[in-house]
Amino acid sequence: MRLMLFVIAGACASNATLPPATKSAGTSDLQVTLTRVADPSPERWRGMNNIFFDSIPTVLRDSMTLSPAWRHVEAAEVVADSGLKTVLALRFSSTASGDTTYLVDTEGNLDFLHAAPLNFERRGTIRVANFALTVRTRLGAFRRVPYQVLLSDDKYTYARIAEYRTGSVLIDGRQFAIVVRNRGRSNPFFTPDAGSVFLVDQDGDGIMAEQATMTLSGQPAAAEQVFPFRPFLLNGSPFEVTDIDSSGSLLRIRSATRTTAVSPNFRAPDIIVQRLAGGQLRLSNMLGRVVLLQFWATDCVFSERARDALNQLAAASGDSLAWVAVSKERDRGMIEQHLAGHPMRGIVVLADSAAWAVYNPELATPHFVVIDRSGVVRLVATGATAMAVVAAQVSRVLAER
């Protein structure tokens, strides 16, 4: 059993009235009906992004309806994307009380004078305000979306979309839950790409893991996040997400035929990269050794946090483990200067756009892929907090004969 990170309980029950998409003989394409679920008080604040208040440019201020009584008026972007009309929040103090007031342009007309002030409620170390706003594309499409603004005790301000989607699929008599959510505050429309997060309960245990975790029995377990057009296994058969409508009501999944992919239990794609010390390294030439592929950056504090644990893992594993650290930087001198003060026991290689595109298109750092001696992916994990899981999986694979 996994440690609980995202439990499909209660919300999944709402799907009982909807027949799950079913795979039967001769069927390769599935349409999964998704149901909207409100998410006002999650266990973890998923999809939360900073918003930054600053003074309003004169050209923009002239388009706003404001009160002359407001003082120290600042604006921040709640929704900001090249394909969407920007939605702003304001904060200001009034001459009457001096208290700070927050407003959001929920109708997209820049009329803040008639906007209702946000009402914040205390929840632990943050204060949360709920509201709904109309998000419009520059082509005219729009959606009414529940949002939240969060004021943290550490003085940061955040915004997030307060809903997600659930559904299920029946594969050869076994039902697997599905969750789809927006990745961040500026992705209110669902898309079959990195703008949406797709989760599938691949082991069918009713518990969804967004990150690689340790099970209650102490075993490493991969995250149950899947990526569009990247195959994953359900009941031993390969499938892939191919499409979702913009409102998040219908998800399309199809049978997959690829045997090579950056997914657990699929063969690792081959890459050729340039060693920092000189010469090429080809992943397929490392068969027979366990490979820990890491994507990192010299300016990433989380990469630095993982470095000591990686060095310890490499020292304990010896030559049986090949730790290949793919830098985000191309400048050899910059990397060498960084390593002089932050040594790494791995095989450091220069940035390679093809390797990043195949193994880490989201450009997250640190990002890890554990590959066994036969060249099969065994774990994909992101973040310094995943190091315990990465180390456990490496040790487990090293012990296999």
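The values are calculated or read from the model by the stated rules, or taken from the named source; none is laboratory data. Fair warning: this is a prediction, and the values are worked out from it, not measured in the lab. As a convention, Cβ positions derive from the backbone with ideal geometry for all residues, glycine included, and neighbour counts pool all protein chains shown. Ligands, DNA and RNA are excluded from the accessible area calculation, which covers all protein heavy atoms including side chains. Shrake-Rupley method; radii C 1.70, N 1.55, O 1.52, S 1.80 Å.
Put simply, of GLY108, GLY98 the only residue that is within 32 Å of the chain's Cα centre (by Cα) and part of a loop (DSSP other than H, G, I, E, B) is GLY108. Screening segment 30-75 for residues that are more than 30 Å from GLN175 (Cβ to Cβ) and among the basic types (Lys, Arg) and picking the one that is nearest to the chain's Cα centre (by Cα) gives ARG61. Looking only at residues that are free of Cβ contacts under 8 Å to residues at least 24 places away in the same chain and assigned to a loop (DSSP other than H, G, I, E, B) in segment 329-375, which one is most open to solvent (accessible area, probe 1.4 Å)? The extreme case among them is ARG330.
The number of residues in segment 163-176 being open to solvent by 10 Å² or more (accessible area, probe 1.4 Å) and of a type in the set (A, V, I, L, M, F, W, C) comes to 1. Restricting attention to segment 24-83, the residues that are assigned to a loop (DSSP other than H, G, I, E, B), β-branched (Val, Ile, Thr) and either over 30 Å from SER249 (Cα atoms) or open to solvent by less than 40 Å² (accessible area, probe 1.4 Å) (or both) total 2.
Taken over segment 279-297, the residue count meeting the criterion of being within 14 Å of VAL348 (Cβ to Cβ) and open to solvent by less than 30 Å² (accessible area, probe 1.4 Å) is 7. Restricting the first member to segment 253-266 and to residues that are touching a residue at least 24 places away in the same chain (Cβ under 8 Å) and aromatic (Phe, Trp, Tyr), and the second to residues that are crowded, with 18+ Cβ neighbours inside 10 Å and assigned to a loop (DSSP other than H, G, I, E, B), the beta-carbon pairs closer than 8 Å and six or more apart or on different chains are PHE266/PRO231.
The set of residues from segment 206-245 being in a strand (DSSP E or B) and acidic (Asp, Glu) comprises GLU240, ASP243.
Within segment 209-225, the set of residues being closer than 21 Å to ALA256 by Cβ and either surrounded by 21 or more Cβ atoms within 10 Å (Cβ to Cβ) or without any contact (Cβ under 8 Å) to a residue 12 or more places away in the chain (or both) comprises ALA222, ALA223, GLU224.
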